[in-house]
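Scroll down for the structure; my scribbles are underneath it.
Any read-out appearing in this document is the output of simple, stated calculations on the displayed coordinates, not a laboratory observation. Just so you know, these numbers come straight off a predicted model, no measurement behind them. For neighbour counting, all protein chains shown are included, and Cβ atoms are generated from backbone atoms with ideal geometry for every residue, glycine included.
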Amino acid sequence: MSERTSKKVFSWTAVNTVIVIAALFPVLWILSLSLKSADTVTDGRLIPAKFSLDNYEGIFTGSGGDVFTKALFNSLGIAIIATLIAVTLAAMAAYAIARLNFPGKTVILTAALAIAMFPPISVVGPLYNLWRQLGLFDTWQGLIIPYMTFTLPLAIYTLSAFFREIPWELEQAAQVDGATPFQAFRKIIVPLAAPGVFTTAILVFIFAWNDFVFAISLTSTERAQTVPAAISSFTGASQFSAPTGSIAAAAVIVTIPIIIMVLIFQRRIVAGLTAGAVKG
Amino acid sequence: MSTPASTVAPAVSETTDPGRVEKPQKKALTERARAERKLGWMLCAPAALVMLAVTAYPILNAIWLSLQKSDLRFPGQSEFIGLDNYVTVLSSSLWWTDVWHTVVLTVISVAIELVLGMLLALAMHRAIFGRGLIRTSALIPYGIVTVVAAFAWRLAFSDADGGFMPGVLRSVGLLGAETDPLAQTSTFSTYVVAILAEVWKTTPFMALLLLAGLALVSDELHEAAKVDGATTWQRFWRITIPLMKPAILVALLFRTLDAFRIFDTVFVLSNNGSNRSVETVSVLGYNTLLSRLNLGLGSAVSVLIFLCVVLIAAMFVKGLGTNLAQQRGE
């Protein structure tokens, strides 16, 4: 029996090792690349021959000016504001969907489902045109608006799945005690819903932080350019080669918030992504 | 862009919502019910308006623009030309080549992801230790910025960018001395790298969707089958897979639609869209709209991509619908 157990432990150790290596290898590669010195960055070695922080120094203070620092600030600002608005609007809608009886519920859910499947590239052209006319091109608002729109479906579905789990009776009790439906919403449901809201916020933030299509189409300068767009427009020595060192260092910096979130909130992220699926 | 499975599930369960039963009583709306209705509409209105304004209006605008001869380099010269832009796009070999690239990338990546995602889901479900560890590791590819992931693969495989993979591949004889795996002429290896990048990035998402379905398969069924002498393999195919069918279809739907819209990875691997060896329809749309500023033709491409997505979704929803209907019939 103990031999069987140790065999099991051995094979699970092997499986886990394979998964961890497969998941982390590309990240470790880009980290290694970012730590190479300028003269060895394209030497094709897996591990740096000489460790240096030149690439990091380069993107924060180097010849490229403050392109990256500004992009990082834009990315953070835009992602945070889009998350706050999207989660607020979605929480209102999800509360109504999970708790109230009103005609038109199915319409909202169907519309959200349709938008979840919508190809962003199909609206990029008209938005580019419209944003230039409205003066929203290359501004924070110009990116916040599409981000909150395209994350609303995800937020509404995730939140309404969480809201369905909240003990309904508490709200009714509050209403029996004389609270209006809105008071019951604000004072009873909001605190109970906080964990679900938080999870949704993480997922929305990851989407906004990640986006590339809107970022390269609707911005052109460091006024609103986010990190993914900035990285792709870093200029290299020639037209056909990328400025490897700067890209790698910038890549590591934008990955850090994601790794921190995943490490702290992995349980929540998994719950959020699978919420509701179990009910199906 | 990733969307959770939850997106389909509640919509489906909506048809069995107990709230529906109350419909006949509509006429006798109490004061409270009326207030509830009003609150419901008020709470949903902002989200509904935003979604409508930022998707419905632009897509209608795209349809309108696609019927115009409109080029932003020559403003003031737009005119209505009917379906001419569609004729131009559909009769160009470039469009069909790019559709083919997109279909190849979608079908192969999603097929590999389904197999690997299932294995990963089983590992996350059954692991006797280290579940937290594999879950955390798997979430890193999910969360990482797609552009960053694409650069990690490009900088590893591209000779021009000094990657380590060409050396490795040459030492085992898989790559010629003069070939750059990501050069304009290396279509096959560009496909391989694009698929690897896509599979690495999205398998965890597939696995999480499947994991939710796996949780529905009861242990008792497995125990009973075991007592009856079924092998692990038989139990997987006869019990796990049939019970997970709806979850598998939902996961496939979302991943197929996502893969069909593939943009970031291909854009980065093709040196900002300039290498056209595996150009996809989204990259073509972007290039026509924003590099060549041809709003008319670009909008026609956008509308065609939109129609492709609707078609794929309709096929899956039909499959999903019949599947659910069969289950209810039993």
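Quick look at the values:
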{"quantity": "Order of B:Tyr286, A:Tyr128 under a 10 Å beta carbon neighbour criterion, fewest first", "calculated": "A:Tyr128, B:Tyr286"}
{"quantity": "Under the Karplus curve 6.51 cos²θ - 1.76 cosθ + 1.60, θ = phi - 60°, whole-Hz ³J(HN,Hα) for segment B:171-181, x wherever Gly or Pro sits", "calculated": "5, 9, x, 8, 9, x, 4, 9, 8, 9, x"}
{"quantity": "Positive-end extreme of charge dipole, segment A:64-274 - chosen from A:Leu127, A:Asn74, A:Ile189 (charges on Cβ)", "calculated": "A:Ile189"}
{"quantity": "Largest to smallest principal axis extent of the C-alpha atoms in segment A:22-180, angstrom", "calculated": "72, 42, 29"}
{"quantity": "Segment B:85-329, relative contact order in percent, only Cα pairs under 8 angstrom and at least six apart counted", "calculated": "28"}
{"quantity": "Max mean-square fluctuation residue, GNM over chain B, Cα-Cα springs under 10 Å, options B:Trp153, B:Trp233, B:Trp200", "calculated": "B:Trp233"}
{"quantity": "Kirkwood Rh (inverse of mean 1/r, distinct Cα pairs), segment A:64-274, angstrom", "calculated": "18.9"}
{"quantity": "Cα gyration tensor, segment A:114-156 - rounded (a/c under 1.5), prolate or oblate", "calculated": "oblate"}
{"quantity": "Share of Cα-Cα pairs in segment A:10-96 lying beyond 23 Å, as whole percent", "calculated": "57"}
{"quantity": "Charge dipole (the protein assembly as shown, unit charges on Cβ, about Cα centre) - positive-most of A:Ile145, B:Ser78, A:Ala111", "calculated": "A:Ala111"}
{"quantity": "Directionally averaged projected area (convex hull, Cα atoms, the protein assembly as shown), nm²", "calculated": "32.8"}
{"quantity": "For chain B, with +1 on Lys and Arg beta carbons and -1 on Asp and Glu, the positive-most of B:Val50, B:Pro181, B:Val283 along the dipole", "calculated": "B:Val50"}
{"quantity": "Top of B:Lys201, B:Lys38, B:Lys69 by mean-square fluctuation, Gaussian network on chain B, Cα under 10 Å", "calculated": "B:Lys38"}
{"quantity": "Vicinal HN-Hα couplings computed from phi for segment A:52-58 (Karplus, 6.51 cos²θ - 1.76 cosθ + 1.60; Hz; Gly/Pro x)", "calculated": "7, 9, 3, 5, 5, 4, x"}
{"quantity": "Nearest-20 debye value, segment A:64-274 charge dipole, Cβ charges on Lys, Arg, Asp, Glu", "calculated": "140"}
{"quantity": "Order of A:Thr158, B:Thr187 - criterion: other Cβ atoms within 10 Å of each residue's Cβ, fewest first", "calculated": "B:Thr187, A:Thr158"}
{"quantity": "CD proxy at 222 nm, helix term only [per DSSP H run n ≥ 4: -39500 (n - 2.57); per residue of chain A; nearest 500]", "calculated": "-24500 deg cm²/dmol"}
{"quantity": "Under the Debye formula (equal points on every Cα, no solvent term), log10 I(q)/I(0) of chain B at q = 0.09, 0.10, 0.13, 0.14 Å⁻¹", "calculated": "-0.67, -0.80, -1.15, -1.24"}
{"quantity": "Nearest-ten-degree value, helix A:105-116 long axis tilted from longest Cα axis of chain A", "calculated": "10"}
{"quantity": "Most mobile listed residue (A:Ile247, A:Ile108, A:Ile206) in chain A, GNM with C-alpha springs under 10 Å", "calculated": "A:Ile108"}
{"quantity": "Unit charges on C-beta of K, R, D, E only; dipole of segment B:85-329, Debye", "calculated": "540"}
{"quantity": "FRET efficiency, 1/(1 + (r/R0)^6) with R0 51 Å, evaluated for B:Arg238 and A:Ala49 via beta carbons", "calculated": "0.40"}
